[in-house]
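Undergrad: Got a structure for you, written out below as structure tokens; questions coming shortly.
The values are calculated or read from the model by the stated rules, or taken from the named source; none is laboratory data. Predicted model, so just to flag it, every value in this text is computed and none were measured. Counting neighbours? That spans all protein chains shown, and the Cβs are built from the backbone with ideal geometry, glycine included.
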Amino acid sequence: MKVQTPRGTRDLLGKDMKLMTLVLSKIRKSFEKYGFEEARTPAFENFDVLAMKGGGGTAIKDEIYYFQDKSKRELGLRFDFTVPLARMFACNPTLPKPYKRFQIGQVWRYDRPGKGRYREFTQADVDILGVSDQSADTELIGVLCDCMKELGVNKYVIKINSRKIADGIITELELEDRKEDIFRSLDKLEKIGKSGVEKELISKKIPLKKIKQILEFIKIIGQNETIISALKERIKNEIGIEGIWEVERIIKLSKAYGIQDKIKIDLSLIRGMNYYTGFIMELKILGEGLELSCAGGGRYDNLIETYGSLKTHAVGFSFGVDRLCEILKEKIKLKNEGVFIALQNNELEESGIALVQKLRNSNIKSAMALIKRSLSKQIKYAVSKDFKYLIVLGEKEIQDKKVKVKDLGTGKEKTIETKKLADYFSKK
């Protein structure tokens with residue numbers, strides 16, 4: 001029998017786990033800085049709850065991890081955090097508004113595994129419930145920019161659009177009855193390109209003249225103000241005008257946050273159009289000739305009420321943390337840290353424990369070998385586990401009450417009195 005992880009899952013060890021922990025700590029810091037409170041929901045939900053989102057119905061059973069418990073109750077592993085949030089809010093109607101919450105954890109989808117694509121993955125989700133104004137939309141962009149700042153990422157763009165603008169374009173072209181077909185094709189633009197979208201729309205019997213007009217709309221480019229002006233000239237219907245006004249307000253408010261240079265209107269951005277009701281966004285980290293997506297979201301004002309709550313305005317976004325870590329692997333240099341105590345001989349075990357405990361009591365990461373082995377093997381182990389400092393403890397060091405602290409990165413050594421060690425490392 002070959003023992004391995006289930007298909008589409010992985011073990012996260014060593015530096016990969018250290019990177020994930022670091023990234024999540026910085027994301028959490030930004031979320032909390034903006035006044036969001038953390039919540040936790042069950043890993044699995046009743047299947048009828050999971051089937052509600054976006055009108056997916058029971059067909060979603062093939063896309064998630066569905067199962068029955070011993071009492072034949074139909075259940076499923078959560079596939080995102082939006083559904084649990086909607087269910088939780090419906091179960092707790094007295095929560096004060098605006099309700100600003102974040103959740104970080106594992107989600108599961110029965111997708112085809114591929115490079116960087118797993119069936120179990122980590123999401124960091126943040127939402128604001130109970131606010132209809134674009135102040136909430138802009139604050140989410142603000143917290144997203146703050147996350148990038150905490151992670152040390154400077155080259156990125158947040159692309160925004162609106163479901164209402166997209167609806168307005170379709171209304172202007174008198175294609176309302178083909179809206180969903182058109183949006184599904186446009187959503188593939190990044191994957192199959194303009195020519196691929198055109199071919200797909202032709203196969204759906206959309207008139208060629210209309211296809212040309214659609215593609216002319218979404219290729220409007222330039223500064224945000226230029227795009228807004230062009231839309232105002234071309235869109236005259238109510239839903240489209242409302243969408244333009246809302247995006248314009250987001251751009252205006254973003255200037256107060258000092259993040260306007262990170263926002264770019266992109267009329268080709270179409271995501272989750274079966275449940276987004278207005279503002280939508282996507283984070284792209286910029287590389288060498290690349291745009292790498294690792295976060296996205298938008299406004300979903302009609303979803304919460306489907307779970308038995310009153311109509312509740314809602315907006316949020318989610319990080320794909322596994323993808324984010326993959327992107328940042330070369331950008332974030334993990335620091336070596338901690339102190340390793342190596343013993344010159346095994347008879348000094350109790351003295352070593354006492355020294356390690358003294359450092360730990362001062363909140364300094366420290367360790368020593370728990371296996372009796374040679375000094376050279378102890379040092380090799382310390383290096384392999386990325387400790388920053390090494391102390392070799394022998395009879396002389398105990399007698400003199402002084403030790404040599406070696407920086408394993410630079411090779412430099414410094415003699416420190418044992419009683420001053422904790423203070424020395426605390427300052428470091």
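Rundown of residues vs (1) assigned by TED's automatic domain parsing to the domain that holds G240; (2) closer than 21 Å to I235 by Cβ; (3) touching a residue at least 40 places away in the same chain (Cβ under 8 Å); (4) surrounded by 18 or more Cβ atoms within 10 Å (Cβ to Cβ), yes/no style:
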residue: K155; (1), (2), (3), (4): yes, no, yes, no
residue: K159; (1), (2), (3), (4): yes, yes, yes, yes
residue: A166; (1), (2), (3), (4): yes, yes, yes, yes
residue: I169; (1), (2), (3), (4): yes, yes, yes, yes
residue: E176; (1), (2), (3), (4): yes, yes, no, no
residue: S185; (1), (2), (3), (4): yes, yes, no, yes
residue: E200; (1), (2), (3), (4): yes, no, no, yes
residue: K204; (1), (2), (3), (4): yes, no, no, no
residue: L208; (1), (2), (3), (4): yes, no, no, no
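Undergrad: Scan region 253-274 for residues that are out of contact with any Ser or Thr (no Cβ under 6 Å at 6 or more places or on another chain), among the hydroxyl-bearing types (S, T, Y) and either in a strand (DSSP E or B) or buried (at least 18 other Cβ atoms within 10 Å of the Cβ) (or both) and jot them down.
TA: Of everything in region 253-274, just one residue is out of contact with any Ser or Thr (no Cβ under 6 Å at 6 or more places or on another chain), among the hydroxyl-bearing types (S, T, Y) and either in a strand (DSSP E or B) or buried (at least 18 other Cβ atoms within 10 Å of the Cβ) (or both), namely S268.
Undergrad: Let me ask something else. Give the residues of region 122-153 that are in a strand (DSSP E or B) and either outside the structural domain of Y65 (by TED's automatic domain parsing) or in contact with a Phe, Trp or Tyr (Cβ under 8 Å, 6 or more places away or on another chain) (or both), sorted by residue number.
TA: Q123, A124, D125, V126, D127, I128, L129
Undergrad: Something else about it: If I go through region 235-247 residue by residue, how many of them are surrounded by 16 or more Cβ atoms within 10 Å (Cβ to Cβ) and either outside any helix (DSSP H, G or I) or more than 33 Å from the chain's Cα centre (by Cα) (or both)?
TA: Residues flagged as surrounded by 16 or more Cβ atoms within 10 Å (Cβ to Cβ) and either outside any helix (DSSP H, G or I) or more than 33 Å from the chain's Cα centre (by Cα) (or both) within region 235-247 amount to 1.
Undergrad: Considering only region 120-139, I want to know if a residue exists there that is over 30 Å from A59 (Cβ atoms), surrounded by 21 or more Cβ atoms within 10 Å (Cβ to Cβ), within 14 Å of the chain's Cα centre (by Cα) and not aliphatic (A, V, I, L, M).
TA: no
Undergrad: Next question. Under 8 Å between Cβ atoms, at least 6 apart or on separate chains: pull out the pairs that start in region 78-95 with a residue that is touching a residue at least 12 places away in the same chain (Cβ under 8 Å) and end on any residue that is of a type in the set (G, A, S) and part of a loop (DSSP other than H, G, I, E, B).
TA: Qualifying pairs under 8 Å: R78/A43; L85/A39; A86/S309; M88/A39; F89/S309; A90/G308; A90/S309; P93/S309.
Undergrad: Can you tell me how many residues in region 359-392 are without any contact (Cβ under 8 Å) to a residue 60 or more places away in the chain, among the aliphatic types (A, V, I, L, M) and not in a strand (DSSP E or B)?
TA: Qualifying residue count for the region: 7.
Undergrad: Could you give me the residue pairs with C-beta distances under 8 Å whose first residue belongs to region 285-296 and is under 17 Å from F121 (Cβ atoms), whose second residue is in a loop (DSSP other than H, G, I, E, B) and at pLDDT below 90 wherever it lies, and which are 6+ apart or on separate chains?
TA: Hits for this filter: G296/R271.
Undergrad: Filtering region 306-321 down to residues that are at pLDDT 95 or above and not in a strand (DSSP E or B), which residue is nearest to T94 (Cα to Cα)?
TA: If we take residues in region 306-321 being at pLDDT 95 or above and not in a strand (DSSP E or B), then H313 is nearest to T94 (Cα to Cα).
Undergrad: Follow-up. Just to be sure I understand the filter: pairs with C-beta atoms under 9 Å, separated by 6 or more residues or on different chains, first member in region 306-324 and over 17 Å from Y99 (Cα atoms) and assigned by TED's automatic domain parsing to the domain that holds W108, second member buried (at least 21 other Cβ atoms within 10 Å of the Cβ) and of a type in the set (V, I, T). Which pairs pass?
TA: Cβ pairs passing all conditions: F319/V23; F319/I27; F319/V126; V321/V23; V321/I27; L324/V23; L324/I27; L324/I285.
Undergrad: To continue, here is another question. Take region 193-228 and flag every residue that is in contact with a Lys or Arg (Cβ under 9 Å, 6 or more places away or on another chain), at negative phi and among the basic types (K, R).
TA: Hits for region 193-228 are K194, K204, K210, K219.
Undergrad: Take region 382-409 and flag every residue that is of a type outside the set (D, E) and in contact with a Phe, Trp or Tyr (Cβ under 8 Å, 6 or more places away or on another chain).
TA: Answer for region 382-409, where residues must be of a type outside the set (D, E) and in contact with a Phe, Trp or Tyr (Cβ under 8 Å, 6 or more places away or on another chain): A382, K385, F387, Y389, L390, I391, V405, K406, L408.
Undergrad: Would you mind telling me which numbered condition in (1) farther than 20 Å from S132 by Cα; (2) within 25 Å of the chain's Cα centre (by Cα); (3) touching a residue at least 40 places away in the same chain (Cβ under 8 Å) F217 fails?
TA: Result: F217 fails condition (2) only.
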